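The values are calculated or read from the model by the stated rules, or taken from the named source; none is laboratory data. Owing to the predicted nature of the structure, the values given are computational and were not obtained by experimental measurement. A quick note on method: Cβ atoms are made from the backbone with ideal geometry, for glycine too, and the neighbour counts reach across all protein chains shown.
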Amino acid sequence: MDADGTALMTCRVATDPPEIAKALQPFANKLRRVGHEAGALSPWLHPALKAIGLPVVCLETRHVRASMSAQRNKTDAADALGIAHLMRTGWFRQAHIKTDQAYRLRLLLIQRRNLKQKFLDLENTIRHSLKAFGIRLSKVGRARFEAAVRDACANDQLTAELMECMLSARAALWREYLKLHGLVVRIVARHELCRRYMRIPGVGPITALTFVTAIDDPARFRRSRNVAAYFGLTSKRWQSGTSIDVKGRISKAGDPDVRRALYEAASSMLTRYKGKTTLKTWGEKIAKRCHRKGVVAVARKLAVVMHAMWRDGSEYADQPLADAATPRRSPQAKDRKLLGAHA
């Protein structure tokens, strides 16, 4: 498409970098941007197109969908034409393509989570199946689960054989899950930034590595405060004129795994950590009105602090809450206080 919006060439090629470069070869000297929407193949496609020498741009999917929502009919041809117009006008948001190492570590975290979820699904299936015979295993822990199931089915040969197969599958899933979890722990132990993050109360190896792999490059955020909005931990707002100004719940935009990890870390800080710090005390004041809002507020603050620690190379050095006579500080001053003064 030229600068006036006239389509100069339309074709269909395989999603393969050499094939795409071959189709664009006649226009190689005139290309200003080559756009593609973010998808499952983007981590492989984008670097390959860039290595060929194409001025490739990966487009953020939410913005593309909103831009083309006025289309009456959604077709592949209409989407391609709409993306071309976005590239021509420059009205697009660029998605960040992470490094290969970040995607590999991300895959490790995802498969670890998947194995754990399948393990829990299988365990819950066993518990639910036995309820048909009046057997409830609600008070049985994980260590005694297999023995309790075998004892409950000892007098029924068919059910015993069936549950034995289910228990074998459950044990295999747990064994492989422990392997991946051990690999995560070993990687975090060798990662200097993750070790610094784990000095924050409530932040464990999963939260630290999840945050690192999601950010990948701290320089792509101009302010640490933007990280909280990027992961959907800030409130949505709907304003129209002078009569409508609604501030709703958090947006839940961005990576749900990071949001979940930060929420769990904040919850652990507020409920399990026995010490008293400025951040915990601040979160407890909000939690008195609503526990969930308090946890989300601490999670948002953790995202800001962790990014600032990465950007500045500083340590986490939270101090006890100041006396009531001390003048109140601005939120920016509180954030700086949590970071400490030394690297």
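Restricting E264, E284 to residues that are more than 27 Å from Q117 (Cα to Cα), modelled with pLDDT of 95 or more, assigned to a helix (DSSP H, G or I) and in the same structural domain as A208 (by TED's automatic domain parsing) narrows the list to E284. The number of residues in region 58-116 that are polar (S, T, N, Q), modelled with pLDDT of 95 or more and under 17 Å from G254 (Cα atoms) comes to 0. If you filter region 252-261 down to residues that are surrounded by 17 or more Cβ atoms within 10 Å (Cβ to Cβ) and either on the phi > 0 side of the Ramachandran plot or part of a helix (DSSP H, G or I) (or both), you find that the one that is modelled with the lowest pLDDT is G254.
Evaluating M9 against the criteria (1) of a type in the set (A, V, I, L, M, F, W, C); (2) within 29 Å of T213 (Cα to Cα); (3) exposed (fewer than 11 other Cβ atoms within 10 Å of the Cβ) leaves one unmet condition, (2). Scanning region 117-139 for residues that are at pLDDT below 90, of a type in the set (D, E, K, R) and in contact with a helix residue (DSSP H, G or I) (Cβ under 9 Å, 6 or more places away or on another chain) yields a single hit, R136. Considered as a group, the residues in region 83-140 that are closer than 30 Å to G35 by Cα and basic (K, R) include one that is surrounded by the most Cβ atoms within 10 Å (Cβ to Cβ), and that residue is R106.
Go through region 216-251 and give me each residue that's surrounded by 13 or more Cβ atoms within 10 Å (Cβ to Cβ), assigned to a helix (DSSP H, G or I) and aliphatic (A, V, I, L, M). Answer for region 216-251, where residues must be surrounded by 13 or more Cβ atoms within 10 Å (Cβ to Cβ), assigned to a helix (DSSP H, G or I) and aliphatic (A, V, I, L, M): V227, A228, A229. If the condition is being of a type in the set (D, E, K, R), loosely packed, with under 13 Cβ neighbours inside 10 Å and more than 19 Å from L115 (Cα to Cα), then region 167-198 contributes R190, E192.
Residue pairs whose Cβ atoms lie under 6 Å apart, separated by 6 or more positions or on different chains, with the first residue in region 42-56 and touching a residue at least 60 places away in the same chain (Cβ under 8 Å) and buried (at least 17 other Cβ atoms within 10 Å of the Cβ) and the second assigned to a helix (DSSP H, G or I) and not charged (D, E, K, R), are P43/Y103. A search for C-beta distances below 9 Å between a residue of region 70-90 that is within 12 Å of T10 (Cβ to Cβ) and any residue that is not in a loop (DSSP other than H, G, I, E, B), counting only pairs 6+ apart in sequence or on different chains, returns A84/G35. Within region 99-131, the set of residues being of a type in the set (G, A, S) and within 16 Å of A172 (Cα to Cα) is empty.
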